[in-house]
Amino acid sequence: MTGISSTPQWKALEADAAKLTRVPMRDLFEGDAGRFGRYSIEAAGLFLDYSKNKLTDEVVDHLLALAVAADVEGRRAAMFAGEAINATEDRAVLHVALRAAATDAYSTAGEDVSAAVRAELKKMKGFCGRIHQGVFKGYSGKALDTVVNIGIGGSDLGPQMAVAALQPFWLGGRRTFFVSNVDGQHLAAVLDEVDPERTLFIIASKTFTTQETMTNAKSARAWFLENGGGEGDIAKHFVALSTNTEAVAAFGIDKENMFQFWNWVGGRYSLWSAIGLSIALQVGFHNFEKLLAGARRMDEHFKTAPLAQNMPVMLALICVWNRNFIGASAHAILPYDQHLARLPAYLQQADMESNGKRVGADGSVVAHATGPVLFGEPGTNGQHAFYQLLHQGTDIVSADFIAPAISQRALGDHHEKLLSNFLAQTEALMRGKTEAEVRDELSRESKTNAEINALAPHKVFPGDRPTNSILMERLEPETLGGLIALYEHKIFVEGVVWGINSFDQWGVELGKVLAREILPEIAAAGEEKPQAKAHDASTNGLINKINAIRRKGG
Ligand code: G6Q
């Protein structure tokens, strides 16, 4: 589908966008009492209002026709059927199987995967039980109440986001830390906080070859051995989450202490697998099961709801509309819940690693824009930082506002204030403030004409900034599961429309290879190195500069 932009459905949307250029969104609301009802969907404990986008019924019809032209339904069926839709890696994409009902049977390449998933979940449940009851003990006989999850990318961002999001569900007395960066300061700071006798290290790596994770894992093991643990105690304090049994064994982790997953689970789609062990340990396995159940509800909805009432499909089509026809090059994720502070970072990977692609399935360069730049911060913090650009910048930035109607931690009128800000922002972004409104306001403040002329242009808000609002009753394991699955499927649908493979990530390889080449050129502290010559002038110059500093400072 590289040629989606030459289809009549695409052309119809271009014509729609041209027609709507001079129609302010506020006019679309005027005299259309049904707009909110027509442009909202409820599913899996979530409510989506997409009416604050520059949409008309005609646009929605054309977007749905585009989804049909791109064969969204066919590709969705192929994903659920376990076909190798990740063609460049020749892999199925079956994270939905990780949260399947006990009666579901998923398979790929003629092989049932559901039994293996259930067996691994059972193993995780048993392990969580033994840790929580203090049966699985550390080397000195103490219960393990602290977890350090060592992983990066997909083996870090998902569990870290979910553990933070579910803070009200943490089991008393338990702590979880996440170490990802190869910068030794990250691990060192965490090791300062933990007691070797009571700490379980989870080495989370699908491949078990990732430089950052292996470096951190080896340093953590060395620290453990230097701080009271013996070689024979490693099995009591180190477990692995991986698909690579041999590498896990070579690291010295007992096969019994390895929780496996499979190559049909993409890293950034893996928090539902063994990679979620840190979540289950921190909030209890029953809550991890609720997280899976929430995602399963969204899977069911995605699989069965007609396209026009399908939340992930509509969210994706709106993103396509804003990206390709309204000209939004960036998309903000704005959760109005402090516990969702890591959601923007998590979705940044999920979305940008999946849809930051420029080549279609047939290998040719696509003729249209694909994934936008994603960023975000929790509200209301972002309001005092980057919202200025959202309201009055020269670029259109679309945004998702996400909020629970009821806080898990009600405190005075904090939540009412939070929600009023959430609503005010989406209203302001949609309506804006016209010059006439600004002038009227300034004259009521008794400003002179000269003052009004000087100030008015600065106080105009163009409006027409597209937003989606996603509500839930409370942020809890089920709704979090549904929310994450919503975005997973949304990203998939966008990729289908854009004709790209959302499940590979070749773009991260080049830098990794070059870093391996450069590593031996970096001086150890105090070491004299020959001048670097193998690279471009900038890279050579920087290596030489760094080495000169390190030689003197060593
Ligand atoms: C995710 C990516 C990537 C991956 C990390 C860690 O989809 O593939 O972020 O998760 O590079 O990889 P390992 O789990 O193999 O260490």
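Screening S469, S502 for residues that are closer than 23 Å to A328 by Cα, among the hydroxyl-bearing types (S, T, Y), under 17 Å from the mean Cα position of the chain (by Cα) and not in a helix (DSSP H, G or I) leaves exactly one candidate, S502. Checking the stated criteria, G360 turns out to be of a type in the set (G, A, S), farther than 20 Å from N322 by Cβ, touching a helix residue (DSSP H, G or I) at 6+ places or on another chain (Cβ under 6 Å) and buried (at least 18 other Cβ atoms within 10 Å of the Cβ).
Scanning segment 197-207 for residues that are near the ligand (Cβ under 7 Å from one of its atoms) and closer than 16 Å to R221 by Cβ gives A204, S205.
Considering (1) more than 21 Å from Q260 (Cα to Cα); (2) surrounded by 17 or more Cβ atoms within 10 Å (Cβ to Cβ), the lone condition that Q167 does not fulfil carries the number (2).
Counting only residues that are near the ligand (Cβ under 10 Å from one of its atoms) and hydrophobic (A, V, I, L, M, F, W, C), which one in segment 496-510 is surrounded by the fewest Cβ atoms within 10 Å (Cβ to Cβ)? So the residue we want is V508.
Sort out which residues of segment 78-93 are of a type in the set (A, V, I, L, M, F, W, C), within 8 Å of T108 (Cβ to Cβ) and in contact (Cβ under 8 Å) with a residue 40 or more places away in the chain, and write them in order of number.
Correct list: A92 only.
When each of N263, N227 is tested for being within 16 Å of the ligand (Cβ to nearest atom) and surrounded by fewer than 17 Cβ atoms within 10 Å (Cβ to Cβ), the lone residue that passes is N263. Would you be able to say whether some residue in segment 174-184 is hydrophobic (A, V, I, L, M, F, W, C), within 13 Å of the ligand (Cβ to nearest atom), part of a helix (DSSP H, G or I) and out of contact with any strand residue (DSSP E or B) (no Cβ under 7 Å at 6 or more places or on another chain)? No, that holds for no residue. Of all residues in segment 346-376, those being in a loop (DSSP other than H, G, I, E, B), farther than 16 Å from A399 by Cα and more than 16 Å from the ligand (Cβ to nearest atom) number 11.
Among the candidates D112, D71, which residue alone is free of Cβ contacts under 8 Å to residues at least 60 places away in the same chain and acidic (D, E)? Break it down into steps so the answer makes sense when it comes.
Values: D71 fails: free of Cβ contacts under 8 Å to residues at least 60 places away in the same chain.
Going through D112, D71 in turn, just one is free of Cβ contacts under 8 Å to residues at least 60 places away in the same chain and acidic (D, E): D112.
Take A92 and decide whether it is over 24 Å from Q505 (Cα atoms), at pLDDT 95 or above and among the small types (G, A, S).
On the way: over 24 Å from Q505 (Cα atoms): no; at pLDDT 95 or above: yes; among the small types (G, A, S): yes.
It is false that A92 is over 24 Å from Q505 (Cα atoms), at pLDDT 95 or above and among the small types (G, A, S).
Remark: pairs (first residue in segment 435-456, of a type in the set (G, A, S); second residue in a helix (DSSP H, G or I); Cβ separation under 7 Å; 6+ apart in sequence or on different chains) = S443/I452; A456/E435; A456/V438; A456/R439; A456/L442.
For segment 286-309, the count of residues that are over 30 Å from T467 (Cβ atoms), within 16 Å of the ligand (Cβ to nearest atom) and buried (at least 24 other Cβ atoms within 10 Å of the Cβ) is zero.
Taken together, A143, A217, A165, A222 contain a single residue that is modelled with pLDDT of 95 or more, more than 16 Å from the ligand (Cβ to nearest atom), aliphatic (A, V, I, L, M) and under 29 Å from W264 (Cβ atoms), which is A165. The residue of segment 233-259 that is nearest to L157 (Cα to Cα), among those that are in contact (Cβ under 8 Å) with a residue 60 or more places away in the chain and more than 15 Å from the ligand (Cβ to nearest atom), is H237.
So that you can scan it fast, the table gives a plain yes or no per residue for (1) in a loop (DSSP other than H, G, I, E, B); (2) more than 30 Å from L20 (Cβ to Cβ); (3) in contact with a strand residue (DSSP E or B) (Cβ under 9 Å, 6 or more places away or on another chain):
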position	(1), (2), (3)
V60	no, no, no
L64	no, no, no
R75	no, no, no
M79	no, yes, no
L98	no, yes, no
A101	yes, yes, no
A105	yes, yes, yes
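For segment 146-162, filtering for residues that are within 11 Å of the ligand (Cβ to nearest atom) and part of a helix (DSSP H, G or I) leaves 5.
The values are calculated or read from the model by the stated rules, or taken from the named source; none is laboratory data. These figures come from a predicted structure and were not determined experimentally. Quick reminder, even Gly has a Cβ in these numbers, built from the backbone with ideal geometry, and neighbours come from all protein chains shown.
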